[in-house]
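The structure under discussion appears below in the form of structure tokens.
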Amino acid sequence: MMRPALPLLSVLVVSGLLVSSPLAAQPTAPIVEEFSNPPPLEPAEALKAFRLQGGFSMELVAAEPLTVDPVDVAYDESGRAYVVEMRGYPLPEKPDQTRPDPISQVRLLVDDDNDGRFDRSTVFVDKLDWPTSVCCWKGGVFILDAPDVWYARDTDGDGVADERRKVLTGFKKENVQALANSLKWGLDHRIHGAASGNGGTLTIPDNPKQAAVSVTRRDFIFDPVAGTVEAASGGARFGASFDDWGNRFLCNIRNPIQHVPLPLAPLLRNPLLPIPSLLHDAAESGETLPVFRISPVEAWREYRARRWVQERVNYPRSELVGAGFFTSSSGVTVYRGDQYPEDLYGNVFVADVAANIVHRERLIPDGVTFRAVRTEAEAEFLASTDNWFRPVNFVNAPDGTLHVVDMYRLNIEHPWSIPDDIRARMDLTAGDDRGRLWRLVPPGYQRAPTPRLGDFDSAALVAELASRNSWRRETAHRLLHERQDTSIAPALRALRDGSDEPLARLHVLWTLVGLRQATWDDVAIATRDSHGGVRENALVVLDRLFPEDPRTTEVAIALSRDEAPRVRLQAAFALGNAETPEATAALAELARRDSGDPWMRLALASTPPGRAEPLVRAYAATPTFADPAGGATLLRDLSRIVGQSDSAASPLDLIPSTLLPLEFEFALWSGWMEGLQKNRNRAKSFDWTGLRASPNWKSLEARARRVLEDPAALLASRLQAVPLLQQNPLDSVAGLFVELLSPRAPRELQLAAGRAIAAYGTPEAGRILVDRYRTLSPVVRMEVVDQLASRPAWQPLLFESIDAGTIRATDVPPARRALLLRATDPALKTRAEALFGSAAVSGRQSVLDSHARTLDLPSDPDRGLAVVRRECAQCHKSRDVGYDVGPPLASVRNRSPQELLVHILDPNREVGPNFVDHVAVLKDGRSLTGLLVSETETQIVLLRPQGLREEVPRADLEELVSTGKSLMPEGLEQKLTAQELADVIDYLLHPDAVAK
């Protein structure tokens, strides 16, 4: 289907300023006047600006001057509100500027007449810098103000803290948009927090025995009683929330609802296990999730969005476009009050602070995790026409409703992402004297007075554990832990035995744990509960209190057959340390049932390295997996651990006498060999000659050859056969591998064969790849160039091939060019400068200028899809074709044609932090590049085109650096005609126009 030319933006009027087309060569016209801004609204007028669904409405709880710049609220046992006021946001505007004197604070708000509106406030703690969160404890509060967590308490009743001490430190504070935040009490009587993008290395000032804890790309758990801290799964941005059962949800700029499916601690027991990101996008994200704002888009934001494509800037790009999709997720919260209609209980509320909206989704269990479904079609649950409305957070309040934390600012924007000349005409502190707390109320709402739970005796608090109001239930939970009144244990057990409310039974269990009164029988009763959430938590408690008790293993075996997926998940963790044959058999049964779930596979593979060998034996003995592909993947993962460990076993010892199905045998062997290569000492001493001489190996090798030569064989089996034959001398397999480089072979198999040849590292192997370079598919050529450039011994061959015209200089990606230009060998460096020096990072604007009329061409999205599959599939997925390395192509459909053209032709102009290319220099002289997707204490993981994962042991690392550049290569204009570019952009903007 042909389309007319894509519309080219001609002019934009901003405060009387005419701005020419972003692709024009002329410079941007200077801004003469300030941007026009709407005035702030007083609270009564701001109420009129709200538009809500379902008959809901907003009520004012507090406003300036009682509070300003609120970002978090915690209600204590008397209903008083501790409000974090981030008055210093966002200063300083640049990282090299002097920090101003700290002016942020925590304010204490009091409702004297209990009418639901606060009457007075005091500054509880002042002189804070960038505080983000607060939570209550023993008459005071913990305050998170990076780099520290403080405990503050008022001991004389004047509303001002006179006790203040540092209890945790080490958070980084480089980026005001990525500060640690969201202190939340968990069921386990520990405080769970989000370390956010800044991360840090945490220590406990009062506990010198506590080892420093890295929270880079992770979150943290702080135990104020034990005085300990540990890393936790996570690593998103601003906002975190639990559901009733301890499931934790986060949000991350363009990812509004992320579930944390697995805890970190049990995964760390296996240092050989590569740990991926432990975040699952429950909801659609970024530009795949429309935002229906009703406020006018800010003039400066519209101007920047259109003018950005012309300027040579490299600021972070988190909110480039002002309207249309999620750019500023904040404050994700699961509603758990008792005042909304039943179908809203457990819904997730999340703000897009830039769009002045509150979004709602419904959670649906999906295996061990969740998927979220939008509840309002083409509307938001709450939206405002007031640009100053900035919902940054929510709290499940004492009155059973959600309270909305409204920072009420003209602008909430990272200063680094605003060009200097635009920022100079903006007031980023406008509204620092304003702020509101709102109550989100249902139709017919009648507020009841807030109970003073602090005045309740312990027996009355036990009764509150059955409340449907999460604030009442969880405040009672905390107070009982604070008081340590063990005399209430009988009352707790009576509530458990007599209550029909599963949440009451859950809180009884954890309260007994916190009081150190939980017996084996208490926990065993919970493992037999009718509700899966109680059974799941009971397994957590068993594994914590009775890890060595044989009865724990017996219970875990029984619950490994539970109907609830998350109960089975917890059973897998509990059985991981058990070394009995019965535990191994139970794990094997779990694997056969659940190995199709990647999160369950990770849990099953998390057992200590010494347990991997018996598990492989058990899995291989009866390989009847419900999901054969998942079963083969699990076998491969565990076999890799066996190979990498110091186990003397080889697959000859692991495979049963009965013949395994081919895909499982290949998976087992290929995984073991991959692991063995990572254990260099063992690989050097291994008896390869004896292995190759064994009848079993010869039989395996013959089958591998037959599979590779058979075009009709399963692709998965052919891919796993490649590393098996790679153990032979190159001259005995070169012919077969070269045949697999043919365009007749599937692209994945071409790539595997190319990597196999490169792995020999000999001059002959390099020459084979170069001699066939011109006949290779684009993705294999990319791999060959990367291999040639990564090995010092092959770099002269790369230069010779470029000089001969076999390989083009532009085929070498920017990260590799930069490395070659810094070569320590003077001769190599001189040759690199001659080839790449003038083209290293220049000339992209001239390329853009030469394509100024590309968008005028008639275009066809069907042709565009064909080009996307040819040139982009190695890093982007579209219609289930391709690989999830770069952002999904569906996420760009709301961009303008001009933006897309610029980002295709100049991919390094703005690079998102998650898509920056990294270089790992190894001690053997090789260098690897890719996206840094995982870091553990023992290894890093780089993600490369075609979804290839390079797992690099830290022991092999010489250096790891960020290039600051995109993994996406420059120079696509040399591969695509102007017509093809126009077709690609048409497809990206209109994917639904192509027939499925």
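A few points about this structure:
- Computed from phi, the 3J(HN,Hα) profile of region 112-127 under the Karplus parametrisation 6.51, -1.76, 1.60 (θ = phi - 60°) reads 5, 9, 6, 9, x, 10, 6, 10, 8, 8, 10, 7, 6, 9, 10, 6 Hz, with x in place of Gly and Pro.
- Set of region 249-275 residues, backbone N closer than 20 Å to the point 7 Å along the Cα-Cβ line of L957: 264-265, 267-275
- The relative contact order of the chain comes to 10 percent, based on Cα pairs under 8 Å that sit 6 or more residues apart.
- Rounded to 5, the percent of DSSP beta bridges in the chain classed as antiparallel: 100
- Backbone amide hydrogens, once placed in the peptide plane, bring F325 within less than 5 Å of V291, excluding anything fewer than 5 places away on its chain.
- Cut-off 9 Å between beta-carbons: net charge of the residues surrounding N181, Lys and Arg +1, Asp and Glu -1: 0
- Amide H partners (placed H, <5 Å) of L967, local residues excluded: D917
- Tensor-based shape of the chain (alpha-carbon gyration tensor, a/c under 1.5 rounded, otherwise prolate or oblate): oblate
- Residues in region 226-241 carry Karplus couplings, in order, of 7, x, 10, 9, 9, 6, 9, 4, x, x, 9, 10, 9, x, 7, 7 Hz; the curve used is 6.51 cos²θ - 1.76 cosθ + 1.60 with θ = phi - 60°, and Gly or Pro positions show x.
- Among the trypsin sites (Lys or Arg not before Pro) within region 777-827, those in coil by DSSP and having at most 15 neighbouring Cβ atoms inside 10 Å are R808, R822.
- Projecting label points 7 angstrom from Cα along Cα→Cβ for E764 and L691 puts them 2.1 nm apart.
- Counting charges near R248 (Lys, Arg +1; Asp, Glu -1) among other residues having Cβ under 10 Å from its Cβ returns a value of -1.
- The stretch between R164 and R853 holds 241.6 nm of extra length on full extension. This uses 0.36 nm per residue minus the Cα-Cα distance.
- Anisotropy class assigned to region 43-115 is oblate, per the alpha carbon gyration tensor with a/c at or over the 1.5 cut-off and a/b no larger than b/c.
- Residues of type lysines that K166 reaches as a straight line, Cα spacing below 17 Å, ignoring anything fewer than 8 places off in the same chain: K127, K138, K209
- Net charge over other residues, Cβ less than 9 angstrom from the Cβ of R447 (K, R count +1; D, E count -1): -2
- FRET efficiency for the pair S499 and K48, taken as 1/(1 + (r/R0)^6) with r the Cβ-Cβ distance and R0 = 56 Å, rounds to 0.80.
- Summary of packing: across the peptides 203-215, 54-66, the per-residue average of other C-beta atoms within 10 Å ranks them, highest first, as 54-66, 203-215.
- Backbone amide hydrogens, once placed in the peptide plane, bring D366 within less than 5 Å of R371, excluding anything fewer than 5 places away on its chain.
- 1.4 Å probe accessible area per residue over region 780-828, in Å²: 36
- FRET efficiency estimate (nearest 0.05) - Cβ-Cβ, A212 to A978, R0 51 angstrom: 0.40
- Estimated FRET transfer efficiency when R0 is 22 angstrom, pair N728-T622 (beta carbons, to 0.05): 0.10
- Pairs of Cα atoms nearer than 8 Å and 6+ residues apart set the relative contact order; for region 447-580 it is 16 percent.
- Solvent-accessible area, 1.4 Å probe, carbon plus sulfur percent, for the chain: 53
- Extended-chain gain in nm, criterion 0.36 nm per residue less alpha-carbon gap, R808 and D420: 135.8 nm
- Three-way shape call for region 94-166 based on the alpha-carbon gyration tensor, with the a/c threshold at 1.5: prolate
- For region 549-566, 3J(HN,Hα) per residue [Karplus equation, 6.51 cos²θ - 1.76 cosθ + 1.60, θ = phi - 60°, Hz, x = Gly/Pro]: 6, x, 5, 4, 4, 4, 5, 5, 4, 4, 7, 5, 9, 5, 6, 8, x, 6
The values are calculated or read from the model by the stated rules, or taken from the named source; none is laboratory data. Since the structure is predicted, the reported quantities are computational estimates derived from the model, not experimental observations. All Cβ positions, even for glycine, are placed from backbone atoms using ideal geometry, and neighbour counts span all protein chains on display. Just so you know, the surface numbers come from the protein's heavy atoms only, side chains and all, with ligands and any DNA or RNA stripped out. Shrake-Rupley method; radii C 1.70, N 1.55, O 1.52, S 1.80 Å.
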